[in-house]
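Asker: Here you go, one structure.
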Amino acid sequence: EFNLIAEVGCVSSDELYEFVVKLRRLPGVKSSETFVYLNVLHQRYQWTLEGDRDLSTPARGGVIERSVEIDGYDSGIIRELQRDGRASFRDIGRRLGLSERTVSSRYTRLVEERALQVIAVGNPLHLGFRAMAWLGITLGEGADLEHSAGLLAQVHGLDYVVVPSGRYDLLCELVCRNSDELLATLDHEVGAINEVAHVDTFVCLRLLYKSTAGAW
């Protein structure tokens, strides 16, 4: 249905509007459809070379549990860690004009409030994963949205669950080793969830991103 699917991070609806206007003006763009994220219920990066699935960590009820206040210094620390996740607090403080202790305390608070997590993110295509897809999921009548998202979050390879505006109840990203595993996951795991009434599968034929971890 779509030639390209892209994820965009904007700080406001006005900025998103400006982006969509610019997008529609690009040569070759005939039309676009925007699914605004109303909430992010599940997000993790679990692409590893290990064959066994890790179900020891229970799925959380959502990425956003409460509003977190972030000021300019917090944003600066996050930006520095996005550039180099191994940067020392001393180097970060020197670039931001803060003491090493201040950077350390702010970092600790951001981690405790789940506003920040420093992890290693690999490119799934370089780790042996050859089948990726976005799933547009429609739930059955009376299905509980967050309960359904929690069930989907337990599906191995399903790394991203969001509540969008528009035609779908949930949008999910599924990463598998090959097309057989993708089909089996859709058939035996996603399809086995009673709350799921319909799934539109957008198989990714080519990945054209510049960052696996986003640029927020």
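The values are calculated or read from the model by the stated rules, or taken from the named source; none is laboratory data. This structure is a prediction, so every number in the text was calculated from the model and none was measured. Glycine also receives a Cβ, built like all others from the backbone with ideal geometry; neighbour counts cover every protein chain displayed. What goes into the accessible areas is simple: the full protein's heavy atoms, side chains included, and nothing from ligands, DNA or RNA. Shrake-Rupley method; radii C 1.70, N 1.55, O 1.52, S 1.80 Å.
One line per residue, one yes/no per condition, for (1) within 30 Å of ARG83 (Cβ to Cβ); (2) basic (Lys, Arg); (3) in contact with a Leu (Cβ under 7 Å, 6 or more places away or on another chain):
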{"site": "GLY157", "(1), (2), (3)": "yes, no, yes"}
{"site": "ASP169", "(1), (2), (3)": "no, no, yes"}
{"site": "GLU189", "(1), (2), (3)": "no, no, no"}
{"site": "ALA197", "(1), (2), (3)": "no, no, yes"}
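Asker: So, in the range 178-207, of the ones that are of a type in the set (Asp, Glu) and surrounded by 11 or more Cβ atoms within 10 Å (Cβ to Cβ), which residue ends up farthest from TYR168 (Cα to Cα)?
Answerer: Filtering the range 178-207 for residues that are of a type in the set (Asp, Glu) and surrounded by 11 or more Cβ atoms within 10 Å (Cβ to Cβ), the one farthest from TYR168 (Cα to Cα) comes out as GLU181.
Asker: Being of a type outside the set (A, V, I, L, M, F, W, C), over 30 Å from VAL68 (Cβ atoms) and more than 18 Å from the chain's Cα centre (by Cα) narrows it down to one of GLY166, GLY128, so name that one.
Answerer: Numbers: GLY166 fails: over 30 Å from VAL68 (Cβ atoms).
Exactly one residue qualifies, and that residue is GLY128.
Asker: Please give the number of the condition SER56 fails out of (1) modelled with pLDDT of 90 or more; (2) closer than 30 Å to GLY150 by Cα.
Answerer: For SER56, the exception is condition (1).
Asker: Something else about it: Take the residues in the range 6-27 that are modelled with pLDDT of 90 or more and part of a loop (DSSP other than H, G, I, E, B), then tell me which one is least open to solvent (accessible area, probe 1.4 Å).
Answerer: The qualifying residue least open to solvent (accessible area, probe 1.4 Å) is LEU26.
Asker: Does VAL111 count as open to solvent by 30 Å² or more (accessible area, probe 1.4 Å), part of a helix (DSSP H, G or I), out of contact with any Asp or Glu (no Cβ under 8 Å at 6 or more places or on another chain) and among the aliphatic types (A, V, I, L, M)?
Answerer: Yes, satisfied.
Conditions (1) touching a strand residue (DSSP E or B) at 6+ places or on another chain (Cβ under 6 Å); (2) over 26 Å from LEU116 (Cβ atoms), marked per residue:
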| residue | (1), (2) |
| --- | --- |
| SER148 | yes, yes |
| ALA153 | yes, no |
| ASP180 | no, yes |
| GLY191 | no, yes |
| GLU195 | yes, yes |
| ASP200 | yes, yes |
| CYS204 | yes, yes |
| LEU207 | no, no |
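Asker: Shifting gears a bit: Name the residue that is most open to solvent (accessible area, probe 1.4 Å), counting only residues in the range 149-160 that are farther than 23 Å from GLU33 by Cβ and assigned to a helix (DSSP H, G or I). Full working, then the answer.
Answerer: First, pick out the residues of the range 149-160 that are farther than 23 Å from GLU33 by Cβ: 150-151, 153-157.
The next check asks that each one be assigned to a helix (DSSP H, G or I); those that pass are 150-151, 153.
Values: GLY150: 23, LEU151: 54, ALA153: 2 Å².
In this case the residue turns out to be LEU151.
Asker: Still on this structure, I have one more. Within the range 59-94, can you find the residues that are assigned to a loop (DSSP other than H, G, I, E, B) and modelled with pLDDT of 85 or more?
Answerer: Those that are assigned to a loop (DSSP other than H, G, I, E, B) and modelled with pLDDT of 85 or more: ILE70, ASP71, ASP84, GLY85, ARG86, ALA87, SER88.
Asker: Under 7 Å between Cβ atoms, at least 6 apart or on separate chains: pull out the pairs that start in the range 1-30 with a residue that is under 21 Å from LEU207 (Cα atoms) and end on any residue that is of a type in the set (Gly, Ala, Ser) and at pLDDT below 90.
Answerer: The qualifying pairs are GLY9/GLY214; GLY9/ALA215.
Asker: Follow-up question, since we're still on this one. Looking at (1) within 27 Å of GLU33 (Cα to Cα); (2) touching a Ser or Thr at 6+ places or on another chain (Cβ under 7 Å), which is the one condition that is false for VAL163?
Answerer: Of everything listed in (1) within 27 Å of GLU33 (Cα to Cα); (2) touching a Ser or Thr at 6+ places or on another chain (Cβ under 7 Å), VAL163 misses just condition (2).
Asker: Looking at (1) open to solvent by 40 Å² or more (accessible area, probe 1.4 Å); (2) touching a residue at least 40 places away in the same chain (Cβ under 8 Å), can you tell me which one ASP169 breaks?
Answerer: (2)
Asker: Taking into account only those residues within the range 28-41 that are assigned to a loop (DSSP other than H, G, I, E, B) and either of a type in the set (Asp, Glu) or open to solvent by 50 Å² or more (accessible area, probe 1.4 Å) (or both), which is farthest from ALA153 (Cα to Cα)?
Answerer: Checked the range 28-41; the qualifying residue farthest from ALA153 (Cα to Cα) is GLY28.
Asker: Within the bounds of the range 125-145, is there any residue that is without any contact (Cβ under 8 Å) to a residue 12 or more places away in the chain, part of a helix (DSSP H, G or I) and either surrounded by fewer than 13 Cβ atoms within 10 Å (Cβ to Cβ) or in contact with a Cys (Cβ under 6 Å, 6 or more places away or on another chain) (or both)?
Answerer: Looking through the range 125-145, at least one residue is without any contact (Cβ under 8 Å) to a residue 12 or more places away in the chain, part of a helix (DSSP H, G or I) and either surrounded by fewer than 13 Cβ atoms within 10 Å (Cβ to Cβ) or in contact with a Cys (Cβ under 6 Å, 6 or more places away or on another chain) (or both).
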